[in-house]
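Below you'll find the structure I mean.
The values are calculated or read from the model by the stated rules, or taken from the named source; none is laboratory data. These figures come from a predicted structure and were not determined experimentally. All Cβ positions, even for glycine, are placed from backbone atoms using ideal geometry, and neighbour counts span all protein chains on display. To get the accessible areas, we keep the full protein, side chains included, count just its heavy atoms, and leave off ligands, DNA and RNA. Shrake-Rupley method; radii C 1.70, N 1.55, O 1.52, S 1.80 Å.
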Amino acid sequence: MAASELRIVSLIPSATEIVASLGYGDALVGRSHECDFPAFIRDLPICTAPKFDPAGTSGEIHQRVSDLLLSALSVYRVNTELLAELRPTHIITQAQCEVCAVSLSDVEQAVSQLAGCTEVPIQVVSLQPNRLADVWADMERVSIALSGDRDSATTVLEKLKARLGAIAPHSRSVSKRLQVACIEWSDPLMCAGNWVPELVAIAGGTACFGKIGEHSAWMDWDALAAADPDVIVVMPCGYDLAKTRQATEEMANHASWAKLTAVSTGQVYLTDGNQYFNRPGPRLVDSAEILAEIFQRASDAQRSTASSVAGWEVF
């Protein structure tokens, strides 16, 4: 299929960023309600919506999502009528987490309803990254689906891997490998898994919780207190910096919070998890750079609060 004939609908933010990074941004005709980067895609029609109220505390949101899942209901809805109008040649979705975005089964059901409504069969591309190597493979998979080869991904991946390689010498300047707790949800507590422990290692730290390639897991305050990490990095899924600060302020009300070493030494950091750590796409490299700067500050006797990399701040 010629590039001019492509009509792509991306139903997950990371896929939208992958498509844009590979040079197919102009072929995007629809997006999910969470897709917001690069900025030019914000004018595209929105094809999904949550079935729960996303406002409120972390605990309230968790309860609403849990209630839907316990009822065997999907967390998001797909606008099938809009998809029919957009006539996509490709729909890119995910099978990694049914809480984070529209599930593969939801998309397949929507596509089955569109049978006969489109000029060409719709190709569904499903991404399921668990570690960095999977993200790189997904970028090649998207390239092959759109162009028939992985050429468009090769140059992009070379540059991304070169940036990761440049972090290594910087991370070795950290005086010791810091013990780091990355918090992906605050109420209840969840530690960050999948690619996050890998990013921590690249940046020069050691993740106290979470295993590379394994899903993020629930944890309790006793476990966090027992680990007593040198650094806490808060990166709630789907939260920007403002919401992350609110969630961290809620955590600070817990009796165990003030007893943590990272809290008493001023080593709690807030990040824009929504834009960086939660999106398994090209900006995971930015996420590693954020961690490297945080760890450098944590090891620096001067401990400047200034940051040269966007997406984080000191709590």
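Simple spin-label model, 7 Å along Cα-to-Cβ: ARG150 to GLN123 in nm?
With each label point 7 Å from Cα toward Cβ, the separation is 1.6 nm.
Further, regarding this structure: Between ALA310 and THR57, take the C-beta separation as r, use R0 = 25 Å, and let me know the FRET efficiency to the nearest 0.05. Intermediate results must be reported in sequence, preceding the final value.
Working: r = 26 Å, r/R0 = 1.05.
Using R0 = 25 Å, I get an efficiency of 0.45.
On to the next question. Quick one: dipole size for the chain, taken about the Cα centre, charges +1 on Lys/Arg Cβ and -1 on Asp/Glu Cβ, in debye to the nearest 20. Let's see the in-between values first.
Details: 24 positive and 38 negative charges, 140 e Å.
The calculation lands at about 680 debye.
What is the helix-to-structure angle for 58-70, meaning the angle in degrees between its Cα long axis and the longest Cα principal axis of the chain, kept from 0 to 90 and rounded to the nearest 10?
Relative to the chain, helix 58-70 is tipped by roughly 40 degrees.
While we're here: Order these peptides, 43-49, 228-234, by their mean beta-carbon neighbour count within 10 angstrom, highest first.
Values: 43-49: 16.4, 228-234: 22.7.
In decreasing order of mean packing, 43-49, 228-234 become 228-234, 43-49.
Sticking with this one: So what is the accessible area of the chain per residue, in Å², with the probe set to 1.4 Å?
Numbers: 13690 Å² over 315 residues.
I get 43 Å² per residue for the chain.
Same structure, new question: Can you bin the range 127-222 into rounded, prolate or oblate? Criterion: square roots of the alpha carbon gyration tensor eigenvalues sorted a ≥ b ≥ c, rounded for a/c under 1.5, prolate for a/b above b/c, oblate for the rest. Intermediate results must be reported in sequence, preceding the final value.
Values: a/c = 4.11, a/b = 1.47, b/c = 2.80.
In terms of gyration-tensor shape, oblate.
Output the relative contact order of the range 180-315, whole-number percent, from Cα pairs under 8 angstrom with separation of 6+ residues.
On the way: 243 pairs, mean separation 33.5, N = 136.
Across the range 180-315, relative contact order equals 25 percent.
Describe numerically, in nm with one decimal, the distance between label points set 7 Å from Cα along Cα→Cβ at ARG177 and at ALA49.
For the pair ARG177/ALA49, the computed spacing is 4.9 nm.
Taking a point 7 angstrom from the Cα of ARG245 along the C-beta vector, which residues in the range 252-286 have backbone N less than 13 Å away?
Backbone N within reach: 270-272.
Would you mind putting 10-21, 198-209, 238-249 in packing order, based on average other-beta-carbon counts within 10 Å, highest first? Spell out each step's value before the answer.
Values: 10-21: 26.4, 198-209: 23.2, 238-249: 17.6.
Sorting 10-21, 198-209, 238-249 by mean packing, highest first, produces 10-21, 198-209, 238-249.
Over the chain, with every protein chain in place, what whole percent of the accessible area is carbon and sulfur at 1.4 Å, could you tell me?
With neighbouring chains kept in place, the figure for the chain is 50 percent.
Under 29 Å between C-alpha atoms is the cut-off here; go through the chain and count lysine pairs that meet it, provided they're at least eight residues apart or on different chains.
Lysine pairs satisfying the spacing and distance rule in the chain number 10.
Along the positive direction of the dipole of the chain (beta-carbon charges: Lys, Arg +1; Asp, Glu -1; about the Cα centre), which of ALA15, PRO88, ALA181 reaches farthest?
After comparing all options, I get ALA181.
Right, another one. In percent, how large is the relative contact order of the chain, given Cα pairs closer than 8 Å and 6 or more residues apart? Don't skip to the end; give the middle numbers.
Numbers: 571 pairs, mean separation 47.0, N = 315.
The value is 15 percent.
Compute the acute angle (0 to 90°) between the alpha-carbon long axis of helix 241-251 and the principal axis of greatest extent of the alpha-carbon atoms of the chain; round to the nearest 10°.
It works out to around 50 degrees.
Once the other residues with Cβ under 9 Å from the Cβ of ALA262 are scored (Lys, Arg +1; Asp, Glu -1), what is the net sum? Let's see the in-between values first.
Numbers: positive: none; negative: ASP228, ASP230.
Here the charged neighbours net out to -2.
Can you give the Rg to Rh ratio for the chain, taking only C-alpha atoms and Rh from Kirkwood?
On the way: Rg = 20.1 Å, Rh = 20.3 Å.
That ratio is 0.99, to two decimals.
Compute the acute angle (0 to 90°) between the alpha-carbon long axis of helix 104-113 and the principal axis of greatest extent of the alpha-carbon atoms of the chain; round to the nearest 10°.
Result, in degrees: 20.
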